[in-house]
Amino acid sequence: MDSIISLIQAAIVFGTVIMLGAVGESLTEKSGSLNLGVPGIMYLGGIAGLVGVFFYENAVSEPNSIACVVIALACALAASFLAGLIYSFLTITLRANQNVTGLTLTIFGSGVANFFGGSLNKLSGGIGQVSVSTTSSAFRATVPALSNLGVAGKIFFSYGFMVYAAIAIGVLSQIFLSKTRAGLNLRAVGENPATADATGINVIKYKYLGVCFGAAISGLGGLYYVMDYTKGTWSNDCTIESLGWLALALVIFSAWKPKKVIWGSYLFGILYWMYFYISGLNRSSQELFKMLPYLVTIVVLIISSLHKNKENQPPQSLGLAYFREER
């Protein structure tokens, strides 16, 4: 029983990282932009939050927990939003190739993050010595009255506030896309920008907003990884990048629906960490188990392609630049 509880806890924490990345990318792709820079954006969100609170905690004798959380969130959102703005300018205004731009953003984000992360490690005395304990504790804080409710408390209430915030963001994103005029306009832009333009929808504005706000949400995934998953430390092991690619796979698995991203992220977490709770596996077998989320995504993609269910297909204009003159 303890192993099952531990697996569920690991899946929820792990899943929250990719959930935020996938929800943000779902909004971006619903606007018709294919942003392969999600790993880089998550890198930038994580390092920006870490740098902000690192200097704050070292500048004051008694850091305030609320101030730490606000600074971390503000820095992460600003950095990831800016990354989305750069991507938007290059692909929407200058009409650069979206695939190349996204991959370049991933390389850029990982390089910048690891440079500043390495600098922080040197300032702190070595790898793993970055100290933002106040901020990390605030992100991982639980409600004792709820987390001590036996098995239910361990499974549902033993996490930091961002786990529940991620679920709320996923639900609100689904409501936004399906129940609001702005969300329907965003989907129309992603499906057929020429038709949307003809009906009076500002295609450029919606594309910019979809990419920038999607990037901001994805950046929170990187911040959560740094502050909660690794407890406020930085290591140049490329884990954030691998989680960013997993988030992109989750977008396909969830058929571009934020509500499916929520349970899909936890399923990915279970599949990814299952090997750790199965005794007798050698190194090679463990690596095969880590492939399960990607294999499941491929199977789902094949099934949805065979059935040709329109609801489970990507936006028709995904990855295509819009030229108003050709309308």
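Working note: Debye formula, equal point scatterers on the alpha-carbon atoms of the range 1-52, no solvent; log10 I(q)/I(0) at q = 0.16, 0.27, 0.32 Å⁻¹ is -0.62, -0.99, -1.12. Sorting 82-90, 189-197 by their mean Cβ neighbour count within 10 Å, with the most densely packed peptide first, gives 82-90, 189-197.
The H on the amide N of Ala96, modeled in the peptide plane, is under 5 Å from the matching H of Thr91, each at least 5 residues off or on a different chain. For the chain, the spread of Cα coordinates along the three principal axes comes to 58, 46, 40 Å, biggest extent given first. Model label points for Leu184 and Thr93, set 7 angstrom from Cα along the Cα-to-Cβ axis, are 3.1 nm apart. Taking a straight Cα-Cα cut-off under 17 Å and skipping sequence neighbours fewer than 8 places away in the same chain, no lysines fall within cross-link reach of Lys122. At a threshold of 8 angstrom on Cα-Cα distance, excluding pairs fewer than six apart, so keeping six or more, what relative contact order does the chain reach in percent? Reported as a whole number, the value is 36 percent. Between Leu306 and Ser131, the modelled labels are 5.8 nm apart [label points 7 Å from Cα along Cα→Cβ].
Summarising the overall dimensions of the range 97-154 from its C-alpha atoms, the Rg and Dmax are 18.9, 53 angstrom. Solvent-accessible surface of the range 23-64, averaged per residue with a 1.4 angstrom probe and all protein chains in place: 26 square angstrom.
Counting protein heavy atoms only, the range 55-197 has 69 percent of its accessible area on carbon and sulfur, 1.4 angstrom probe. Taking only the alpha carbons of the range 137-186, we obtain Rg and Dmax values of 15.5, 46 Å in that order. Rounded to the nearest 10 degrees, the angle from helix 239-253 to the longest Cα principal axis of the chain is 40 degrees. Karplus-derived 3J(HN,Hα) values for the range 190-204, using 6.51 cos²θ - 1.76 cosθ + 1.60 with θ = phi - 60°, are x, 7, 8, x, 5, 5, 4, 5, 5, 8, x, 7, 6, 4, 4 Hz; glycine and proline are entered as x. Using C-alpha pairs below 8 Å separated by at least 6 residues, the relative contact order for the range 156-274 is 24 percent. Ordering of 97-110, 201-214 by packing is 201-214, 97-110, highest average first (other Cβ atoms within 10 Å, averaged per residue). A 1.4 Å probe run over the protein chains yields, for the range 78-211, 50 Å² of accessible area per residue, whole-number rounding.
The alpha-carbon of Lys179 sits under 22 angstrom from the alpha-carbons of these lysines, leaving out residues fewer than 8 places away in its chain: Lys30, Lys205, Lys207, Lys257, Lys259, Lys260, Lys310.
The values are calculated or read from the model by the stated rules, or taken from the named source; none is laboratory data. Please read all numbers here as calculations on a predicted model, not as lab measurements. Backbone-built Cβ (ideal geometry, glycine too); neighbour counts: all protein chains shown. Heads up: the accessible areas ignore ligands, DNA and RNA and are worked out on the full protein's heavy atoms, side chains in. Shrake-Rupley method; radii C 1.70, N 1.55, O 1.52, S 1.80 Å.
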